[in-house]
Structure formats: structure tokens, C-alpha cells
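What follows is a single structure, written as C-alpha cells, with notes after it.
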Amino acid sequence: MKKRSLGFLLISLAISQHAVAIDLSDSTQIHGFINQSFLYSPDNPYAGTDARNGSLKFREIGLNAFHEISPEFRLAGQLLSRQQDQTDDGDIRVDFLLADYLFFSGQYTSLGVRAGRVKNNIGFYNAVRDIPSARPGSNVPDSIYFPSFRDTLLALDGVNLYGSTVLADNLITWEVAAGRRGIDSEDFEYFSFGRPLTTGEVDNVPIRLLNINLIPAFQRNLRIGLSLVDLELELEDTQSISEARNTLVNAPPGDLLANPQRYITSGESDNLLTILSAQYSLSNWVITAEYLNLESDSSVELAGISSSGSNTAEGYYLQLEWLATIRTSWFTRYEEFYRDTDDRSGSGTALDYNPHRGFGKGWTVGGKWMFVDNWTVLGQASFNEGTTWLPTFRGIENNQIRKHWNYYVLSLNYQF
């Protein structure tokens, strides 16, 4: 399938006079969206160098379908083409594809199971980050939802058991899931080491998660959530010890410390991600806050010499949304993230071309306007200090990265 075919189908639907969800039958529906953005990042190369002068190489085209075999058994899936300048090339992917069976539904309790490529409910926004209209702005908060690992965290290939219960008039929803998901090894290498490895890559990642949400009886406008995600990362097909040592013999003095990625002969990391979430709605205002804690236990072998250690990263954001009218909304958000809570200045993770990658602080403001049915225009401005969530790409090491940087987005979204 060529990437253009999906785009042509959606564009033809978009220009039709009565573009709405397509009902193939009483039990089958097709939905879709096109999101085209213009992004201007004058200070740093955002997902590539083109955005420094303004770029239209930011678009999403999605097509999803839902089929109900019976009231208890359903099938659902989504195809997506996503271009983000140099970080995402627009190839069509299967975002999710699952079978959902609700095997028990009572007055106070329900239980079900999903299997296939199943979406992960992590925090409040992970499961909807692939739908432009569901995001509070152009993107979900970078301090919590790592953009470099969007596909890995969005869904897993495995099984998801979910349910809900009403206990003492408190509504509790939950899910547990286990499976695996592929990871873009180059994204991982740039995130972890700042440069690609000479040899070695990360392939499939085992993922296990627990998500619980509570709407308490004393306050129906409040939602509280807890997400736990366990991920195991292991480098495969690394260079041999003899190869790494031969490279080291001919290397300039101090190169092992300056460029450790050249000498890695094995590596693995166990990671536990914890997210605490809270959201309160009052009239046409919505306040959302989330906190992330990431505990990592890693072991790395450099030219045959083993070392291990632990690291704690943390991030948070506070977001205020104003639903001004049925067609307009505004939001502002402040967020921070630190790769190492013992090194909040980021000096321990600094690189020659990017000395500020260890932390990020940022304000974002924006608004949406649905000017006609199904069509929305969005504007957003982000003002940042530190570059931990600056998207990385092959060649970013050829740029000098600034500590203070802003970017601006104007996007047009159509959905049916």
C-alpha cells in the first residue's frame, strides 16, 4: 500500500459536501482525519532543520474502523500516516488492531478482554494522543508522554484485561496489560546516548502495565488516576569486546568518556514508570495535572568492562483549559522534566552539541476554533528552557543547540 492512497481517500471524503462518519452497516463505521500543520522553530531544529524557516512537513492522516459482531464482541483498528520532518517519514502503520470481548456486564461491575495491538491507557492522554482533535493542543504534554517513544507506548501487541465497578458509589475503572512492542532503535540511542551506536540495537520491548481511574462519590467533577508501566530494554547484536578494544587502542585520549556509545558491548535497562493524574472540571474550566516518576536500573558493558547504576527521572505539568464556547477553547500549560533528579542542571548528561538535554521547562499557550462542522484550526506557541524534549533525528549532532528556544504551530484539522 502506498502512503498516497490513504491520503487520496481521505481528501476525497473531506471535500464532499456531506462528509460524516461512513456507516457501512448498522454495526460497522469508518472514521478518519487529516491534520496539516505549519511549524516554525527559529532557535533549534525541531524534528529536522526545515522548521527553522517554517515547514509544512508535519501532517497526520488516519483511518479507523469499528465493527460490532455482537453487543459483547467488537473489532477495531486504525491505520495512520504521520510525517514529522526527519523524525517520522509518513509511512503507513497499524496504530492499533484489536478484538474486544465484554464477557460480563452487570449493574455495578463489568469485565472484558482485548487482544491484538491494544492501546495503552497510560495517564490521561496516551490512548488519545493519535487523534488530533482529542489532544489539548498540537501535542500532548512532553514532560509526561515522551515524543521519542510515541509508537512504543501507544499500544502493545498482547492482551489487555479491563473492567469497572461501582463501590460505595465510587466509580473505579481499571486495566492490566502485557505484551511486546517494537521500538525505533535510533530514537532510543539518541535519547539515551545523544548519538547512534556503532553497532547494536533495541528491537522488541516487553511491556506490562496497570492503570486505575477513580471518580469519587463526594466529587463527580474530579478524576484521579494511577498508571504503572514496566519496560525492559536490551541491546542486541552489539560489537564484540575485541572489536571495541581495537577501536579504543586507536582512539584519541579521553574518547571513551567523551563518546561511550562507540565502545558498548552489551547493555540492558529495567524501567518502572509511575504516573499520578488528577483532573477537575468546573463549569467550562478544566484543570489537569500529572506527575511522572521513572526509575531505571541499568547495566552497560564498555569494551568488556561492566558498570551498573540506578537513575530517577521525573516530570510534571499543570494545565488549564477554558471551553469558551461550543466551538472555541483555549489552554495554557507549564511543565518540567529532569532526566536525573540528582543532576537537575543536566551537567552529567551534557553533550558537546547539546549541553542542555538533561532538563526541560516550558510554557505553552494555544487555542482551537471549529469554524465549520468537522473543520478545526489550532494555534499554539511554546516557550522552552532546556532541550530534553526537543525531537532528535540523524544529523542533529551537526547543530549547535540553544538552551532557550521557542516554536509556533498553526494547524488545520478535518475529521469525519
Checklist outcome for this item: Among ASP352, ASP340, the single one that is acidic (Asp, Glu), farther than 21 Å from GLN84 by Cα and at pLDDT 95 or above is ASP340
Checklist entry - Just a yes or no: is a residue in the range 360-367 closer than 24 Å to SER310 by Cβ and in contact with a strand residue (DSSP E or B) (Cβ under 8 Å, 6 or more places away or on another chain)? => result yes
Next on the checklist: Taking the criterion of being of a type in the set (Asp, Glu) and assigned to a loop (DSSP other than H, G, I, E, B), would at least one residue in the range 278-301 satisfy it?
Outcome noted: no
Item to check | Test for THR87: is it in contact (Cβ under 8 Å) with a residue 40 or more places away in the chain, hydroxyl-bearing (Ser, Thr, Tyr) and out of contact with any strand residue (DSSP E or B) (no Cβ under 7 Å at 6 or more places or on another chain) | outcome: yes
Next on the checklist: Consider the range 104-130. How many of its residues are among the β-branched types (Val, Ile, Thr), touching a Leu at 6+ places or on another chain (Cβ under 6 Å) and surrounded by fewer than 22 Cβ atoms within 10 Å (Cβ to Cβ)?
Outcome noted: 1
Checklist entry - Applying the selection to the range 158-173, what residues are touching a strand residue (DSSP E or B) at 6+ places or on another chain (Cβ under 7 Å) and either crowded, with 17+ Cβ neighbours inside 10 Å or among the aliphatic types (A, V, I, L, M) (or both)? => result GLY158, VAL159, ASN160, LEU161, TYR162, GLY163, LEU171, ILE172, THR173
Next on the checklist: So, ARG52, is that one closer than 30 Å to HIS356 by Cα, at pLDDT 95 or above and part of a helix (DSSP H, G or I) or not?
Outcome noted: yes
Checklist outcome for this item: The strands (runs of 3 or more DSSP E) lying wholly within the range 102-191 that contain at least 1 residues that are of a type in the set (Lys, Arg) and closer than 30 Å to ALA217 by Cβ are 109-119
Checklist entry - Within the range 111-129, is there a residue that is closer than 16 Å to ILE212 by Cβ and touching a Lys or Arg at 6+ places or on another chain (Cβ under 6 Å)? => result yes
Item to check | Residues of the range 353-403 classified as under 30 Å from THR325 (Cβ atoms) and assigned to a loop (DSSP other than H, G, I, E, B), total | outcome: 2
Item to check | Single match in LEU197, LEU233 (criterion: part of a strand (DSSP E or B) and either within 23 Å of LEU273 (Cβ to Cβ) or in contact (Cβ under 8 Å) with a residue 24 or more places away in the chain (or both)) | outcome: LEU233
Checklist entry - Quick one: which of LEU257, LEU231 is at pLDDT below 90 and either in contact with a helix residue (DSSP H, G or I) (Cβ under 6 Å, 6 or more places away or on another chain) or under 24 Å from SER185 (Cβ atoms) (or both)? => result LEU257
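The values are calculated or read from the model by the stated rules, or taken from the named source; none is laboratory data. The structure displayed is predicted, hence computed values, not measured ones. Because the Cβ atoms are built from the backbone with ideal geometry, glycine has one as well, and the counts that use them run over all protein chains shown.
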